[in-house]
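Scroll down for the structure; my scribbles are underneath it.
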Amino acid sequence: MSGTETILFEGRQGIARVTINRPEKLNALNAETKKELFQLLERIKHDSGIDVLVLTGAGEKAFVAGTDIQELSQLTGETGREFSEHGQAVFNAIENLGKPVIAAVNGYALGGGMELALACHIRVASENARFGQPEVNLGVIPGYGGTQRLARLVGKGRAMEMILTGDPVDAHEALRIGLVNKVVPPKELASTADEIARKIQSKGQLAIRLALKAVNTTDEANLTDGQVLEASLFALCCGSAEFREGTSAFLEKRKPMFRQPDGKS
């Protein structure tokens, strides 16, 4: 395990695990944590030895319980925009990492913590997880992409309710409304996230990267433009060695070998 004081990093067999490490503050995001996370994401993005990232929080109580309120309380109308834009840039780096990011939500995911989970591509929650955007209780709105990503994920009406009331939902309600992909007992959270990561890792990695790009575009493009992009990315897949291996393996009734014995694609 390596990293910094507030961000722990572990890489093993192509799967990286990043842990927000401020358990005494319920892993609340302060300026230093966001800076270190952004720098680490840049390293992971360009590390060809990493295929999938699992993101979680230290301890048993919280994934990330929000933004550091002490820092938040010092903002003004002049500094608020920069604060919001910096957080958005960090979370955009997760969504656009080019590699799948799985949030293993092990407790409270509130405010900036819920926005962090929303930026991930897949969310697995422990049964004790709670999700919420309580910013209105502080006289402010979600500022790290929450007003945009939540509505796209669960629908405008449900997002409005969560954001306007500030009321949290438990893990099972989060599953019901499509906020998370799976709910498991706390002891099974890490292994479940790793199982999903290994399953993704076993697929053709070019296809995985291009699928991420295509699906992310649905938030920005109309159907026609999205399909144009899809066709272009589909064609790129068809010209790849992974495509030839995948189709050959299917026709030969064998498991595809997308990776060489040394782990390289």
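Worth a mention:
- Among the residues making up the stretch 195-219, those that are open to solvent by less than 70 Å² (accessible area, probe 1.4 Å) and in contact with a Leu (Cβ under 7 Å, 6 or more places away or on another chain) are L210, A214, T217.
- Reported count of residues in the stretch 161-174, each being buried (at least 18 other Cβ atoms within 10 Å of the Cβ) and part of a helix (DSSP H, G or I), is 4.
- Considered as a group, the residues in the stretch 1-19 that are touching a Ser or Thr at 6+ places or on another chain (Cβ under 9 Å), among the aliphatic types (A, V, I, L, M) and open to solvent by less than 60 Å² (accessible area, probe 1.4 Å) include one that is farthest from E195 (Cα to Cα), and that residue is I7.
For (1) charged (D, E, K, R); (2) in contact with an Asp or Glu (Cβ under 8 Å, 6 or more places away or on another chain); (3) open to solvent by 70 Å² or more (accessible area, probe 1.4 Å); (4) outside any helix (DSSP H, G or I), each residue gets a yes or a no:
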| site | (1), (2), (3), (4) |
| --- | --- |
| R158 | yes, no, no, no |
| A190 | no, no, no, no |
| A193 | no, no, no, no |
| A221 | no, no, no, yes |
| T224 | no, no, yes, no |
| V228 | no, no, yes, no |
| L233 | no, no, no, no |
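- Listing of helices (runs of 4 or more DSSP H) fully contained in the stretch 20-134 that carry 3 or more residues being acidic (D, E) and open to solvent by 10 Å² or more (accessible area, probe 1.4 Å): 31-45, 80-95
- Flag for L8 being under 19 Å from the mean Cα position of the chain (by Cα), part of a loop (DSSP other than H, G, I, E, B) and not hydroxyl-bearing (S, T, Y): no
The values are calculated or read from the model by the stated rules, or taken from the named source; none is laboratory data. These numbers were taken from a predicted model, which means no experiment stands behind them. Cβ: placed from backbone, ideal geometry, glycine included. Neighbour counts: every protein chain shown. These accessible areas exclude ligands, DNA and RNA; they are computed on the full protein's heavy atoms, side chains included. Shrake-Rupley method; radii C 1.70, N 1.55, O 1.52, S 1.80 Å.
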